[in-house]
1. Among Ile67, Tyr47, Leu34, whose Cα lies farthest out toward the positive end of the dipole of the range 21-73, if unit charges sit on the beta carbon of Lys, Arg (+1) and Asp, Glu (-1)?
2. Taking the Cα atoms only, what angle lies between the long axis of helix 122-140 and the longest principal axis of the chain, rounded to 10 degrees?
3. With the chain treated as a Gaussian network of Cα nodes joined by springs under 10 Å, which of Glu127, Glu25, Glu86 yields the largest mean-square fluctuation?
4. Taking the Cα centre as origin and putting +1 on Lys and Arg beta-carbons and -1 on Asp and Glu beta-carbons, what dipole magnitude results for the chain, to the nearest 20 debye?
5. Counting only DSSP beta bridges with both residues in the range 1-115, tell me the antiparallel percent, nearest 5.
6. Remind me, relative contact order of the chain in percent, using alpha carbon pairs under 8 angstrom and six or more residues apart?
7. Under a straight-distance cross-link criterion of Cα-Cα below 17 Å, which lysines are reachable from Lys45, leaving out those fewer than 8 residues away in the same chain?
8. Can you tell me how the range 1-94 classifies by the Cα gyration tensor, rounded, prolate or oblate, using a/c under 1.5 as the rounded cut?
Amino acid sequence: MGEYLIIDGYNVINAWKDFAQLRQENLEHARELLVAGVAEYAAFKGYRAVVVFDAQEVAGAAASEKIHGIDVVFTDEGETADSWIERRAYELRRVQAKVFVVTSDYAEQINILGAGAYRISSREFHEQYYKTKKEIAERLHVPRRALNRNELGGRVSGHVLAHLEKLRREKS
C-alpha cells in the first residue's frame, strides 16, 4: 500500500520561521512554497504526500487537486484539517498503509496515534526537511550556497561557471 505523509498545511506554515513574514504578506505564496517543498521531499523519500488546508483561511466548498505529484486538499468550509486528516489516517490504516502525520497540534497528535499512525511535529519535520534538502543537494553535487537562494551559480556546472566568470572579468 505504501507510505503516506499527511501534512496539516497551516500548522506547518504557522510553525516554521521560514514562513513568518511571507504568511503575513501573501498566504497563497506561502502555501505554494510549502506544497513545492513537500513535493520535493516526498519524491525523494518515496512517500505519497497530502497537504491539507482547512477553511479557516479559504472560504468555499472542498477542493482537491494534484500539484507537483502530491494531493493538495482544501477542506469544506465547516470542516477542519484535523478532522479530515483523522478520517484519512483511519482509512489508510484499515488497508495497512504506513501513515505519518505532520502537525504540532497536541490533540491531533493523540488522535493520530490512536489511529495507529505516526506523528511528526512541525519542528521535527522542519529538521527532516532541511536535512533531506542537503542530502538531495549532495547527491546532485549542488553547492551549499544554492540551497536557499536562486542563483545561476548553483545550477550550472563548474566549467561553465568558470567560463562565465572569465567573460565577466574581460568585460570589466
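1. Positive-most Cα among the choices belongs to Tyr47.
2. 40
3. Of the options given, Glu25 has the highest mean-square fluctuation.
4. 1200
5. Antiparallel bridges make up about 25 percent of those DSSP assigns within the range 1-115.
6. Details: 237 pairs, mean separation 36.7, N = 172.
Reported relative contact order: 21 percent.
7. Here the lysines satisfying the reach criterion relative to Lys45 are Lys98, Lys131, Lys133, Lys134.
8. Oblate.
The values are calculated or read from the model by the stated rules, or taken from the named source; none is laboratory data. The structure displayed is predicted, hence computed values, not measured ones. We place every Cβ from the backbone using ideal geometry, glycine too, and count neighbours over all the protein chains shown. For accessibility, only protein heavy atoms count, side chains too; no ligands or nucleic acids. Shrake-Rupley method; radii C 1.70, N 1.55, O 1.52, S 1.80 Å.
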